[in-house]
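The values are calculated or read from the model by the stated rules, or taken from the named source; none is laboratory data. In this text the structure is predicted, and so the values were computed from the model without any measurement. Here the Cβ positions follow ideal geometry from the backbone for every residue, glycine too, while neighbour counts run over all protein chains shown. Note: areas computed on protein heavy atoms with side chains; ligands, DNA, RNA excluded. Shrake-Rupley method; radii C 1.70, N 1.55, O 1.52, S 1.80 Å.
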Amino acid sequence: MTIGELLKEYRLKKGLTQKQFADGIVSTSYYSKVEKNEHRITVEDLVTILEHNDIAMWSFFRKLSLKGDFQHEYIIKLENDVLDAYYHSDKKRVEEIREDVEESTVSNKDEYLLTIDGWLEILKKDDEEPNLEVRNALKDKIFNIPDINKDKLNLFCNFMEFYDLESNVMITKNAINKFIDSNDTESQEVLLAIMDNLLYLSIKENNFNYVNYIISNAEKLPLKPQFYFYQSIISFYKHLTNYHFNDNKDDIDVCRAIIKSMKLTGMKSYGTELEEFLNNHI
């Protein structure tokens with residue numbers, strides 16, 4: 001099935017005219033030729049048409065042989081949607097995405113399925129049985145990348161909970177040494193996320209041996225808009241640590257202000273998790 005044929009199939013199911021289906025995106029005459037396979041449609045216009053008509057990209061792309069730019073777009077959408085579902089603690093959505101990937105023709109499917117399974121592991125409750133095969137496979141995958149490059153940095157950031165604290169500290173120190181003075185904003189952003197995660201895991205285990213080291217290095221990174229979220233979390237853990245040692249109520253007030261900011265800016269689930277974490281550690 002071609003892209004044009006599949007678009008037509010979806011359009012007819014929705015009972016829409018060609019003008020309604022592609023309204024404001026491409027001209028009706030151009031779109032008509034797309035359905036007849038007389039014109040090619042760009043990735044950007046295709047994605048916009050799908051979003052305009054509330055068509056899930058997974059449902060659409062899994063019916064095609066994904067090639068070239070369309071496969072690249074599929075992968076970007078996959079990664080973004082999984083992260084969005086995770087940050088909203090939407091396990092059901094992650095499971096749905098996994099089903100769609102399973103039925104797709106995307107290359108390296110097994111790697112993407114393993115990553116999604118990793119997110120599902122992280123979303124498990126404490127009383128749920130862990131899938132050790134998945135966790136160990138991800139740990140092996142990270143360790144098999146010989147150097148601290150961007151791929152390893154991102155994988156490690158996502159699945160730090162599968163390691164013991166000492167291993168997390170060791171890898172994080174290597175990442176700090178390599179990227180703390182980097183001009184690569186993307187790598188520094190991931191580094192901040194790693195330090196956030198390590199602070200969470202350290203305080204969770206009531207181990208404050210590395211907290212000051214992590215915070216002092218995090219504060220060496222420049223203030224940039226894209227770092228705001230992670231630097232806010234660093235500040236949260238810094239004030240929670242201060243309260244642990246000094247019992248100063250002002251530090252808790254700052255923590256609650258950061259939680260409130262998270263909730264007000266659309267990250268209600270994450271803010272609620274921070275609130276629970278705070279209540280468990282004061």
Measuring from the longest principal axis of the C-alpha atoms of the chain, the long axis of helix 268-280 (C-alpha) lies at a number of degrees, nearest 10, equal to 20 degrees
Given backbone amide H placed at 1.01 Å from N, residues whose amide H is under 5 Å from that of T105, ignoring those fewer than 5 places away on the same chain, are L66
Trypsin sites (Lys or Arg not before Pro) in the range 75-150 lying in a DSSP loop, each with at most 13 other Cβ atoms within 10 Å of its Cβ, come to K124, K125
Here the residues of the range 102-125 lying in the modelled label zone of K91, meaning backbone nitrogen under 14 Å from a point 7 Å along Cα-to-Cβ, are 117-125
Output for the range 8-43: GluC sites (Glu not before Pro) sitting in coil per DSSP, at most 12 other Cβ within 10 Å, listed by number, reads E38
For the range 123-282, dividing by residue count, accessible area per residue (probe 1.4 Å) in Å² works out to 54 Å²
The helix 228-246 Cα axis meets the longest alpha-carbon principal axis of the chain at an angle in degrees, between 0 and 90 and rounded to 10, of 20 degrees
When every protein chain stays in place and a 1.4 Å probe is rolled, C157, C255 sorted by accessible area with the largest first are C157, C255
Measure of exposure for H39: accessible area at 1.4 Å probe, Å² rounded to 10, is 70 Å²
Share of accessible surface on carbon and sulfur in the chain, whole %, 1.4 Å probe and ligands ignored, is 46 percent
Which of (1) 21.4; (2) 20.1; (3) 18.9 gives Kirkwood radius over Cα pairs in Å as computed here? It is (1)
If R0 = 25 Å, then N174 and H244, at their Cβ-Cβ distance, give a FRET efficiency to the nearest 0.05 of 0.40
For the chain, the longest principal axis of the Cα atoms and the Cα long axis of helix 109-122 enclose an angle in degrees, to the nearest 10, of 40 degrees
Filtering GluC sites (Glu not before Pro) in the range 134-230 by DSSP loop and by at most 14 other Cβ atoms within 10 Å leaves E205, E219
Phi-derived 3J(HN,Hα) across the range 87-96 with the Karplus relation (6.51, -1.76, 1.60, θ = phi - 60°), rounded Hz, x for Gly and Pro, is 5, 9, 6, 9, 4, 4, 5, 4, 5, 5
